[in-house]
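The values are calculated or read from the model by the stated rules, or taken from the named source; none is laboratory data. Just so we're clear, the structure is a prediction, and the values are computed from it rather than from any experiment. Positions of Cβ are generated from backbone atoms using ideal geometry, with glycine treated the same way; all protein chains shown enter the neighbour counts.
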Amino acid sequence: MSDVEGKVALVTGGGTGIGKGIALLFGRQGMRLALNGLEHAWSADNQYETAHIGGYSAAQAVAEEIGGDAFAIDADVADEAAVEAMFAQTVERFGRVDVVVNAAGVITARPIAEMSETEWDNIMDVNAKGTFLVNKAAVIQMRAQGDGGRIVNISSVAGKFGTATLTHYCASKFAVIGFSNALAKEVAREGITVNCICPGIVGTQMWTLLNDAFGEPGETPEQTYARFIEGYIPQGVPQTEEDMAELALYLVRAPHVTGQAINLDGGAAL
């Protein structure tokens, strides 16, 4: 029997990429899962380059793959009422929330002189404001339960150093790290831990977009990706959704690790 079997986890962005990888591992551990995804966004400023991002449909598919105690919720993490309703649905289904993983995130690549205010706002809304709203709701629920909890926010190594054409994304991910560190101190005596995972290069849809944005003339997307892996990752290999899931599971099991922003990047960043 797993030591986390039966615990209730809410995973935002749980239908794709890193969120999906975490959800699948949690499911194999016997955890009960609420998987969030947004079907229709208000903006096409994201890695899918469309407002119809299909996140809820993806979360439904993952919930079906996991089976048992897993279900999907369509909610915008940048909308406070939607976030509150998402937690209410989870509590109605399972009675509590023990673990929250905030993996919902968006990215675009744009030089600052070409970036619109709405593009900046959308990246900051989902990545930074969404982290605030999900964490706020998590703390309120965990306090009401009175027996602690675990919050894991997905930041990035781009939350520790800047990258040209990613000013908005880097700003949002720096914000996630600072917010998480401060919140960890605020709730430390309540048995609630708050940590960040900072991925390096994971071959999700985000990197599909970045391959196009960072490609050199005559270079295929595959060649761009390989060039970044070779030049940026000391181990010379990309990171995986499974890598992130293993770290998330460790943080769920670690009662005395809090306020940390842990790189999982093959040695790329300090």
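Data table
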quantity	calculated
Options Ala182, Ala138, Ala144; residue that is touching a residue at least 12 places away in the same chain (Cβ under 8 Å) and small (Gly, Ala, Ser)	Ala138
Selection from region 74-120 of residues that are aliphatic (A, V, I, L, M) and part of a strand (DSSP E or B)	Val99, Val100, Val101
Residue among Ala58, Ala109, Ala104 that alone is of a type in the set (Gly, Ala, Ser) and buried (at least 23 other Cβ atoms within 10 Å of the Cβ)	Ala104
Residue match in region 118-134 (condition: touching a helix residue (DSSP H, G or I) at 6+ places or on another chain (Cβ under 9 Å) and surrounded by fewer than 15 Cβ atoms within 10 Å (Cβ to Cβ))	no
Selection status of Arg150, crowded, with 19+ Cβ neighbours inside 10 Å, over 13 Å from the mean Cα position of the chain (by Cα) and assigned by TED's automatic domain parsing to the domain that holds Lys20	yes
Any hit, region 210-225, residues being free of Cβ contacts under 8 Å to residues at least 60 places away in the same chain, among the hydrophobic types (A, V, I, L, M, F, W, C) and surrounded by 14 or more Cβ atoms within 10 Å (Cβ to Cβ)	no
Hits in region 165-203 - residues which are surrounded by fewer than 20 Cβ atoms within 10 Å (Cβ to Cβ), at pLDDT 95 or above and in a loop (DSSP other than H, G, I, E, B)	Thr165, Gly191
Count of residues meeting criterion [surrounded by fewer than 22 Cβ atoms within 10 Å (Cβ to Cβ) and assigned to a loop (DSSP other than H, G, I, E, B)] in region 41-55	10
